[in-house]
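The values are calculated or read from the model by the stated rules, or taken from the named source; none is laboratory data. What you are looking at is a predicted structure, and each value in this text was computed from that prediction instead of being measured. Heads up, the Cβs are rebuilt from the backbone with ideal geometry, glycines too, and the neighbour counts pull from every protein chain shown.
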Amino acid sequence: MAESKHSGRVLDAGALKALAHPLRFRLLELLVEHSPATASGLGRILGENSGSTSYHLRQLERHGLIEEATEVGTARDRYWRAVEGGWTLAGFELLRREDTREAASVLLDEVVRARLERIERWHQEGHRWGEAWVDASIEMTSRMRLDRAQLAAMTDELVAVVDRYRAAQRADDAPNSAFVAVHVEAFPAEEPPVGPDDDGR
């Protein structure tokens, strides 16, 4: 669950390599949606034993991606939750660096996989939410020609909207609420220019 470029913790190389593991990524995704949860509960969802999930949860905790929910757990039955605020991945920068290229590639693949999985689940099960929820949702593709300054301004405005609603989000047990995935994608969708792009295109 990569967050917007203006919010969340920016992953350093250590956290990146810790998260660039398919099981750890899925554990973090589950905790974003279902915090707090125990290692055994998460293991049942993923078909993993609690020893395996406990180990990987400790690795996520070590790098500050999750934390123990001490208010609901016990010494024998520890509950975990995702750290508030999410995380940000400087994907292109990390892909250029030899020491982080492999981990960044693995993590970006997981981000894409998870996004497609959520969309496919919505397409298959969206009707079960009822007409009001379906009408409130949106999947939109809009193509336009912008210069770099316009693209940056639009990106900033979209991020500000998402961050405003994130700050006002409902509690997990709020009635008539649901965990909502928001995908905002805006990028050049044509062949890149040949050679250095210094003309302000």
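General remarks:
- Some residue of segment 99-107 being more than 21 Å from the chain's Cα centre (by Cα) and not β-branched (Val, Ile, Thr): yes
- Subset of segment 85-141 [under 13 Å from Lys17 (Cα atoms) and among the hydrophobic types (A, V, I, L, M, F, W, C)]: Leu89, Leu94, Leu95, Ala103, Ala104, Val106, Leu107, Leu108
- Of all residues in segment 38-87 being of a type in the set (D, E, K, R) and more than 29 Å from Asp163 (Cβ to Cβ), the one that is surrounded by the fewest Cβ atoms within 10 Å (Cβ to Cβ): Arg76
- Matching residues in segment 144-179 - criterion: being modelled with pLDDT of 90 or more and basic (Lys, Arg): Arg145, Arg148, Arg164
- Residue ranges of helices (runs of 4 or more DSSP H) in segment 78-145 with at least 3 members within 30 Å of Gly51 (Cα to Cα): 101-125
- Residue pairs meeting the criteria (Cβ under 6 Å; at least 6 apart or on separate chains; first surrounded by 10 or more Cβ atoms within 10 Å (Cβ to Cβ), in segment 162-183; second modelled with pLDDT of 90 or more and outside any loop (DSSP other than H, G, I, E, B)): Ala181/Arg118; Val182/Val162
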